[in-house]
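Here is the structure we will look at.
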Amino acid sequence: MSQDYAAIIVGLNGAVLLVATIQYGALSRKALQASAARDAAHEARWEHLLETRRGGADPSVDELLGLYRYRPGRSIVYGLASFVYMSVCLFIMLSTKSVLQWSGSAKPEPNPELAKRAFIVAVAAVGLLILEALATTVVSFFSQAFAHRMSYAMSGTDQELRELHALIAGARRPQSTPPPDPGPDPDPAP
């Protein structure tokens with residue numbers, strides 16, 4: 001490892017550490033917000049059940065079961081992603097510390113193992129940043145498609161949707177053209 005190589009690695013690690021720290025903070029906030037939203041929805045369902053009982057009626061089975069439909073989805077995804085970024089930050093800091101320690105010694109001896117480790121950490125960190133950007137795009141696309149499909153499915157009853165689909169299918173079929181007019185009958189009946 002040379003001093004120039006050490007400077008390049010430290011500069012790259014600094015830039016990646018900045019981005020990874022920002023991503024870690026943003027994803028941690030999203031995980032907390034998703035968890036808080038889920039908890040608020042649970043509390044609202046619970047209050048609705050209590051109000052229904054206070055009104056003298058029994059809640060429906062769907063309402064009762066809806067209370068315990070636990071879908072942690074987004075909070076877990078954001079939590080795992082923030083953990084990955086926290087780990088990346090830790091590895092970058094440890095790698096940078098080792099490189100700076102080597103660079104700061106009076107007469108640093110060649111250390112190919114440190115150079116190799118620093119390179120692997122830097123490439124892995126940059127790769128994770130790129131992978132996260134791609135994954136975010138793909139997940140966003142499929143989340144929007146799923147939300148659209150759910151919105152469509154919830155827009156009417158099954159019967160209404162079947163009838164509408166039948167009308168659409170009828171409209172898409174080419175209109176049959178009437179047979180050509182044969183003209184006047186050449187042999188009129190006596």
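The values are calculated or read from the model by the stated rules, or taken from the named source; none is laboratory data. Quantities reported herein were computed from a predicted structural model and do not represent experimental measurements. Using ideal geometry, Cβ is built from the backbone for each residue, glycine included, and neighbour counts are taken over all protein chains shown.
Summary of computed values
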{"item": "Conditions (1) surrounded by 11 or more Cβ atoms within 10 Å (Cβ to Cβ); (2) at pLDDT below 85: number failed by Leu65", "result": "(1)"}
{"item": "Unmet criterion (only one of (1) within 22 Å of Leu18 (Cβ to Cβ); (2) exposed (fewer than 14 other Cβ atoms within 10 Å of the Cβ)) for Lys30", "result": "(2)"}
{"item": "Any chance Leu161 is modelled with pLDDT under 80, of a type in the set (A, V, I, L, M, F, W, C), over 30 Å from Leu80 (Cβ atoms) and surrounded by 11 or more Cβ atoms within 10 Å (Cβ to Cβ)", "result": "yes"}
{"item": "In the range 83-110, residue nearest to Thr21 (Cα to Cα) [restricted to those that are at pLDDT 85 or above and among the polar types (S, T, N, Q)]", "result": "Ser87"}
{"item": "Number of positions in the range 140-174 that are part of a loop (DSSP other than H, G, I, E, B), of a type outside the set (Ser, Thr, Tyr) and over 27 Å from Val77 (Cβ atoms)", "result": "3"}
{"item": "Selected residue (criterion: surrounded by the fewest Cβ atoms within 10 Å (Cβ to Cβ)) from residues of the range 95-137 that are free of Cβ contacts under 8 Å to residues at least 12 places away in the same chain and among the hydrophobic types (A, V, I, L, M, F, W, C)", "result": "Ala106"}
